Amino acid sequence: LLIYYNGDFVPKSQATTSVYDHGFLYGDGVFEGIRAYNGRVFKLREHVDRLYDSAKAIALEIPISREEMEEAILETLRKNNLTDAYIRPIVSRGVGDLGLDPRKCPKPNIFIISQEWGAMYGDLYEVGLTGVTVSVRRNSCDALSPNIKSLNYLNNILAKIEANEKGGDEAIFFDQNGYLSEGSGDNIFIIKNGKVYTPPTINNLKGITRATAIELLAEMGIDTHVENLGMFDLYTADEIFVTGTAAEAAPLVKVDGRPIGDGKPGPITKKMVAAFEKVTTTTGTP
Ligand code: PLP
């Protein structure tokens, strides 16, 4: 497996950085998660744009252009003969000293890892996932802003640990005000009385799959109502599904042990899972 490393392609064992890289010392850096289906990269531009926005938000200047980044991603797949893959571009602040000051890090490090990848949740797309609401909050006010896909995913990791302890497949966050936020790696949609709702993106990542789902719903003639939601809306939903690059569109059939609707994937969710599979396998950058 070859990994892109600052313009070169190197074997896994050589794709290493220093312990003085601030990405390692402080989680100072940004990343993306991208998928390729049938040899085409899904929403490549959108992911690259979000990577550069994340970088801009932490005042990290990525030393190559967006076009060069796109080409590097495509070339990583070609070099590894991958057609169905997960792709992970990472830009770290680079090597500095033990101090926080990013001015001591003259050169960001760029890595692109790719690997073969199938469905994340296997059978669960038909059966449905279980969700657990977690006590750790998604805070939209600080540097761990959900809008920055930074190398500091501690909030999400703590949420995952809590979900694991409680035996759920996915963690569900609320924000500092108690509004529904997102999952540890995906956005949330709620269906009630035939209407679809999702939280605004102030307190969750501006998911590219979320945007795709809203488009696919519109094509089905269904409007998505973007509004603040709470615990009540979650527990009383007829259907819930989550969306993410890794998770794709997946039904959530239980939250905190309570069945959602009749505890099975509902009709709108099933249509979404099918529509998402179609769009990912028929579009993208070759
Ligand atoms: N929320 C979080 C915290 C994520 O890490 C991700 C994954 O990228 C998502 C949501 C879903 O976003 P996307 O659909 O762009 O992958």
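Just one residue in the set GLY7, GLY23 is within 21 Å of GLY94 (Cα to Cα) and surrounded by fewer than 20 Cβ atoms within 10 Å (Cβ to Cβ); that residue is GLY7. Each residue in the stretch 183-203 was checked for being surrounded by 19 or more Cβ atoms within 10 Å (Cβ to Cβ), of a type in the set (A, V, I, L, M, F, W, C) and out of contact with any helix residue (DSSP H, G or I) (no Cβ under 7 Å at 6 or more places or on another chain), and 1 of them qualify. I want to confirm something. Restricting to the stretch 8-23 and keeping residues that are touching a residue at least 40 places away in the same chain (Cβ under 8 Å) and in a strand (DSSP E or B), which single residue is nearest to ILE73 (Cα to Cα)? Among them, the one singled out is PHE9.
Taking the stretch 168-286 as the region of interest, the helices (runs of 4 or more DSSP H) fully inside it that hold 2 or more residues being away from the ligand (no atom under 16 Å from the Cβ) and touching a Lys or Arg at 6+ places or on another chain (Cβ under 9 Å) are 231-235, 267-282. Residues that are within 15 Å of the ligand (Cβ to nearest atom), polar (S, T, N, Q) and touching a strand residue (DSSP E or B) at 6+ places or on another chain (Cβ under 7 Å) do not occur anywhere in the stretch 86-107.
Among the residues in the stretch 116-123, are any touching a residue at least 60 places away in the same chain (Cβ under 8 Å), among the hydroxyl-bearing types (Ser, Thr, Tyr) and either touching an Asp or Glu at 6+ places or on another chain (Cβ under 6 Å) or not in a loop (DSSP other than H, G, I, E, B) (or both)? No, the stretch 116-123 contains no residue that is touching a residue at least 60 places away in the same chain (Cβ under 8 Å), among the hydroxyl-bearing types (Ser, Thr, Tyr) and either touching an Asp or Glu at 6+ places or on another chain (Cβ under 6 Å) or not in a loop (DSSP other than H, G, I, E, B) (or both).
Going by what's in this entry, would ILE202 be described as without any contact (Cβ under 8 Å) to a residue 24 or more places away in the chain and within 23 Å of the chain's Cα centre (by Cα)? Steps first, please.
Values: without any contact (Cβ under 8 Å) to a residue 24 or more places away in the chain: no; within 23 Å of the chain's Cα centre (by Cα): yes.
Against the criterion (without any contact (Cβ under 8 Å) to a residue 24 or more places away in the chain and within 23 Å of the chain's Cα centre (by Cα)), ILE202 does not qualify.
For the stretch 6-57, residues that are within 17 Å of GLY99 (Cβ to Cβ) and within 16 Å of the ligand (Cβ to nearest atom) total 2. Looking across the stretch 233-256, the residues that are more than 22 Å from the chain's Cα centre (by Cα) and without any contact (Cβ under 8 Å) to a residue 60 or more places away in the chain come down to ASP233, TYR235, THR236, ALA237, ASP238.
Every number in this text was worked out from the coordinates using simple rules, so none of it is lab data. Just so it is clear, the model here is predicted, and its values are computed rather than measured. All Cβ positions, glycine included, derive from the backbone under ideal geometry; neighbour counts span all protein chains shown.
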